[in-house]
Amino acid sequence: MKTLLRILAIAVCIPLFISAKPIDSHDSESYTIYKIYEKIELDRGSKVIDSWGDVEDAQAVLVPTEIDRGRYDVEITRISSNLYQICGTSLYIETKYCYEYATREEVLLNITSTYGYDLGEVIFFD
């Protein structure tokens, strides 16, 4: 009976270890996730007032949102300095001091909090 339980435990655990990406500091770069946003499309002809009081045409706004804590294998694309879209979604992450130029680059999002100034990290693999 103990042998059967060991075989079952191994059969269940091995796929978990194989599917998990190891994080090796020599093969990856990690950056802090400052905020997570959801893109909200606006009606045609919408306007926004920027921080200087200027009125601009607007297609969409980014609204702060939360995602559950956990580790996510995703693809991201750089939109602008420290702003990346999670490909195939309306979600965006804002980073700190991240200078990676990414176009559908596979990364690991490690979300450790749902509030504060440090929501987790985005890990780029070489």
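Some points to look at:
- Criterion (assigned to a loop (DSSP other than H, G, I, E, B), under 30 Å from residue 108 (Cα atoms) and modelled with pLDDT under 95) met by exactly one of 23, 18, 10, 14: 23
- Of the listed requirements (1) at pLDDT below 95; (2) surrounded by 10 or more Cβ atoms within 10 Å (Cβ to Cβ); (3) among the aliphatic types (A, V, I, L, M), residue 93 misses just one: (1).
- Residue pairs meeting the criteria (Cβ under 9 Å; at least 6 apart or on separate chains; first free of Cβ contacts under 8 Å to residues at least 40 places away in the same chain and among the acidic types (Asp, Glu), in region 71-85; second in a strand (DSSP E or B) and surrounded by 14 or more Cβ atoms within 10 Å (Cβ to Cβ)): 75/86; 75/105; 75/107
- The listed residues are 66, 56, and the only one of them that is of a type in the set (Asp, Glu), farther than 17 Å from residue 108 by Cβ and assigned to a loop (DSSP other than H, G, I, E, B) turns out to be 66.
Let's see how each residue does on (1) basic (Lys, Arg); (2) surrounded by 13 or more Cβ atoms within 10 Å (Cβ to Cβ); (3) out of contact with any Gly (no Cβ under 8 Å at 6 or more places or on another chain); (4) part of a loop (DSSP other than H, G, I, E, B):
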| site | (1), (2), (3), (4) |
| --- | --- |
| 71 | yes, yes, yes, no |
| 77 | no, yes, yes, no |
| 100 | no, yes, yes, yes |
| 121 | no, yes, yes, no |
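- Residue in region 40-61 that is closer than 18 Å to residue 122 by Cβ and out of contact with any His (no Cβ under 8 Å at 6 or more places or on another chain) present: no
- One residue from 97, 84, 117 being in contact with a Phe, Trp or Tyr (Cβ under 8 Å, 6 or more places away or on another chain), more than 23 Å from residue 27 (Cα to Cα) and not hydrophobic (A, V, I, L, M, F, W, C): 117
- Pairs where the first residue, in region 40-54, is surrounded by 10 or more Cβ atoms within 10 Å (Cβ to Cβ) and the second is assigned to a loop (DSSP other than H, G, I, E, B) and not polar (S, T, N, Q), C-beta under 6 Å, 6+ apart: 42/58; 46/58; 48/58
The values are calculated or read from the model by the stated rules, or taken from the named source; none is laboratory data. Source: prediction; values computed, not measured. Positions of Cβ are generated from backbone atoms using ideal geometry, with glycine treated the same way; all protein chains shown enter the neighbour counts.
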